[in-house]
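I am attaching a structure below and will ask some questions about it afterwards.
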Amino acid sequence: MSATTLAPRLHGIRHRRITVLLALLAAVVVAVVLSVTIGSKPVPLGDAWHALTAPTGTENDLVIRSLRLPRTVLGVLAGIALGVAGALMQGHTRNPLADPGLLGVTQGAAFAMVSSIILLGVSNLLVYIWFGLAGALVASVAVFALGMAGGRGGPTPVTLALAGTAVSALLAALTSAVVLLDEQAMDVFRFWQAGSISARGADVVWQVAPFILAGLVLAMVNAPGLNALSLGEDVARSLGQNIMWTRTIGVAAVTLLSGAAVAACGSLAFIGLIVPHLARPLSGPDHRWLLPYSGLIGAGLLLLADVIGRVVAPPGELEVGVVLALMGAPFFVALVRRRKPVRL
């Protein structure tokens with residue numbers, strides 16, 4: 001194919017990708033509007049806008065600014081983080097069933113949180129988050145170190161998966177043993193395990209936002225190297241890629257993204273697993289586009305699940321983690337049965 005015919009084709013592909021990206025961004029904006037206005041107390045769109053731009057202290061202003069806005073912002077951040085982390089994990093492990101939990105992030109956060117309750121008497125949500133994030137970081141480092149043991153050039157997809165499975169199983173067993181010893185730890189763990197973005201204030205958002213933003217920067221830096229790795233490690237080396245460095249950046253990005261999201265919101269199943277499968281047919285294999293697509297789809301899906309949880313069981317609500325599990329399990333089964341997964 002000559003350069004004169006290739007250039008218009010590449011321009012067309014780029015134009016289509018930008019169009020899809022803008023469409024996904026518009027869908028997230030719609031999800032944000034639904035999240036702000038729908039709930040046990042519906043708020044008209046005009047009143048919601050007034051509460052954000054010119055609050056006067058009315059009940060609607062209080063509901064929007066103190067409850068729904070932090071919840072929505074946290075949902076957007078967590079959805080983006082888990083979507084991007086899932087795409088990174090599937091790319092690095094070459095496993096279409098991989099998700100961020102494969103690095104032991106979820107179980108590491110859970111074990112650190114329940115241990116802080118028993119050993120240190122922690123009873124504040126804002127403190128739980130720091131312990132959860134620290135536990136996620138330590139678990140990821142342990143998985144990465146085990147994945148490197150005995151290998152050359154850094155951990156491989158197989159050793160990462162095996163080490164992650166082993167560490168996760170160990171931490172899950174330890175967490176179960178700990179929660180049986182303390183009723184308060186059991187209550188906190190049970191609520192956290194369900195996965196929720198409710199009852200989180202703006203202070204929680206400010207705590208996790210820097211980690212998520214740092215993880216997103218690392219993820220985009222990692223995208224070109226991940227594209228090279230998708231061609232095979234030998235080809236990546238011939239293209240001048242440092243395999244060890246690429247893996248390290250990828251694991252660091254997954255740890256920051258999923259660790260912060262899990263510590264703040266609990267276990268949100270299926271986001272990191274399903275979202276890359278939804279994004280990949282739209283973006284193709286190029287991770288420079290797959291990662292932002294996955295982030296936007298993750299944010300929209302998480303907010304949609306949260307809105308559904310508010311309206312299906314009035315006057316109460318279902319936690320978003322429960323709704324995601326109910327939505328995700330049959331959807332993923334249908335996805336596997338009806339078509340071949342896109343090759344990683």
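Hey, among the residues in region 170-195 that are of a type in the set (S, T, N, Q) and either touching a Phe, Trp or Tyr at 6+ places or on another chain (Cβ under 7 Å) or over 25 Å from residue 142 (Cα atoms) (or both), which one's surrounded by the most Cβ atoms within 10 Å (Cβ to Cβ)?
In the first step, residues of region 170-195 are kept if they are of a type in the set (S, T, N, Q); the result is 175-176, 184, 193.
Now restrict to residues that are either touching a Phe, Trp or Tyr at 6+ places or on another chain (Cβ under 7 Å) or over 25 Å from residue 142 (Cα atoms) (or both): 175, 184.
Values: 175: 23, 184: 14.
Checking each candidate, the answer is 175.
One line per residue, one yes/no per condition, for (1) assigned to a helix (DSSP H, G or I); (2) more than 29 Å from residue 248 (Cβ to Cβ); (3) modelled with pLDDT under 85:
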| site | (1), (2), (3) |
| --- | --- |
| 11 | yes, yes, yes |
| 31 | yes, yes, no |
| 35 | yes, yes, no |
| 52 | yes, yes, no |
| 68 | yes, yes, no |
| 74 | yes, no, no |
| 77 | yes, no, no |
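Looking for something more than 29 Å from residue 228 (Cβ to Cβ) and in contact with a Phe, Trp or Tyr (Cβ under 6 Å, 6 or more places away or on another chain) - is there at least one such residue anywhere in region 135-144? Quick ask: steps written out before the conclusion?
Of all residues in region 135-144, those more than 29 Å from residue 228 (Cβ to Cβ) come to 135, 138.
Then drop every residue that is not in contact with a Phe, Trp or Tyr (Cβ under 6 Å, 6 or more places away or on another chain), which leaves 135.
For region 135-144, residues more than 29 Å from residue 228 (Cβ to Cβ) and in contact with a Phe, Trp or Tyr (Cβ under 6 Å, 6 or more places away or on another chain): present.
Find the residue count for region 275-321, including only residues that are over 19 Å from the mean Cα position of the chain (by Cα), at negative phi and in a loop (DSSP other than H, G, I, E, B).
9
Report, by residue number, each residue of region 233-251 that is part of a helix (DSSP H, G or I) and at pLDDT below 90.
Applying the first criterion (part of a helix (DSSP H, G or I)) to region 233-251 yields 233-238, 243-251.
Listed by number, the residues that qualify are 233, 234, 235, 236, 237, 238, 243, 244, 247, 248, 251.
Moving on. Under the condition of being more than 22 Å from residue 172 (Cβ to Cβ) and touching an Asp or Glu at 6+ places or on another chain (Cβ under 9 Å), which residue from region 61-89 is surrounded by the fewest Cβ atoms within 10 Å (Cβ to Cβ)?
Here the answer is 61.
Conditions first: (1) within 27 Å of residue 23 (Cβ to Cβ); (2) loosely packed, with under 14 Cβ neighbours inside 10 Å. Residue 277 passes all but one, so which condition is the exception?
(2)
Quick one: in region 124-154, of everything that is over 23 Å from residue 261 (Cβ atoms) and not in a helix (DSSP H, G or I), which residue is modelled with the highest pLDDT?
Checking each candidate, the answer is 149.
The values are calculated or read from the model by the stated rules, or taken from the named source; none is laboratory data. Predicted model only: the values in this text are computed from it and were never measured. Methodologically, a virtual Cβ is constructed for each residue, glycine included, from the backbone with ideal geometry; neighbour enumeration extends over all protein chains shown.
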